[in-house]
Structures are given as C-alpha cells and as structure tokens.
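K.L.:
One structure, pasted below without further comment.
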Amino acid sequence: MDENIINDLNEELESVIEEGSSLLKDAELEEKLEELKTEAELLIRKHPITSVLAGAAVGYILAKILK
C-alpha cells in the first residue's frame, strides 16, 4: 500500500511539473512575441513609406493567390 501512495504522489508531482513547465513556455513565448512586436513597431516608424509599400505588395500577392 505504501508503494501505491508513493506512485500516486510521483504521478501527481510529474503532472504539476509538466503544468509548470507549460506555463513557463507560454510566458517565454508571450515575452518573445512582445519583443517582436516592439521591434516591428520601431522598424515601421523608422521606414514608414517602405512599410506601407511592403504591406500593399504582400496584400496584393495574397489577394492574387487567394482569388
């Protein structure tokens, strides 16, 4: 019976560790996305005309592909 309790505790502990790891990965992903967003905003502010033209070109290409 003691072995069953230890096995149950080990399974519960593994579950909690996996859940914690998942939360950390989500937090890291959110942080990286925020950094990417900030870098994109800075690039767009530095080159606004180029950004608009690139956006228009991508939109045109996507429209042609999806049509």
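The values are calculated or read from the model by the stated rules, or taken from the named source; none is laboratory data. Here the structure is a predicted model, which is why all the values come from computation and not from measurement. Remember, those area values only see protein heavy atoms, side chains included, never the ligands or the DNA or RNA. Shrake-Rupley method; radii C 1.70, N 1.55, O 1.52, S 1.80 Å.
K.L.:
Using only Cα atoms, tell me the angle between helix 48-66 and the longest principal axis of the chain; keep it within 0 to 90° and round to the nearest 10.
P.N.:
80
K.L.:
Mind checking the per residue accessible area of the chain for me, 1.4 Å probe, whole number of Å²?
P.N.:
Working: 6570 Å² over 67 residues.
With the other protein chains kept in place, the chain gives 98 Å² per residue.
K.L.:
Once both axes come from the Cα atoms, what is the angle between helix 2-46 and the longest principal axis of the chain, in degrees from 0 to 90, rounded to 10?
P.N.:
The answer is roughly 10 degrees.
K.L.:
Quick check: at a probe of 1.4 Å, how many percent of the accessible area of the chain sits on carbon and sulfur atoms? Present the calculation step by step, with values, prior to reporting the outcome.
P.N.:
Details: 4140 of 6570 Å².
That share works out to 63 percent.
K.L.:
Please report, to two decimal places, log10 I(q)/I(0) for the chain at q = 0.11, 0.26, 0.29 Å⁻¹ as given by the Debye formula with identical point scatterers on the Cα atoms and no solvent.
P.N.:
-0.57, -1.01, -1.08
K.L.:
Taking residue 32 as the anchor, which lysines have their alpha carbon closer than 26 Å to its alpha carbon, excluding any fewer than eight residues away along the same chain?
P.N.:
Cα-Cα hits under 26 Å: 46.
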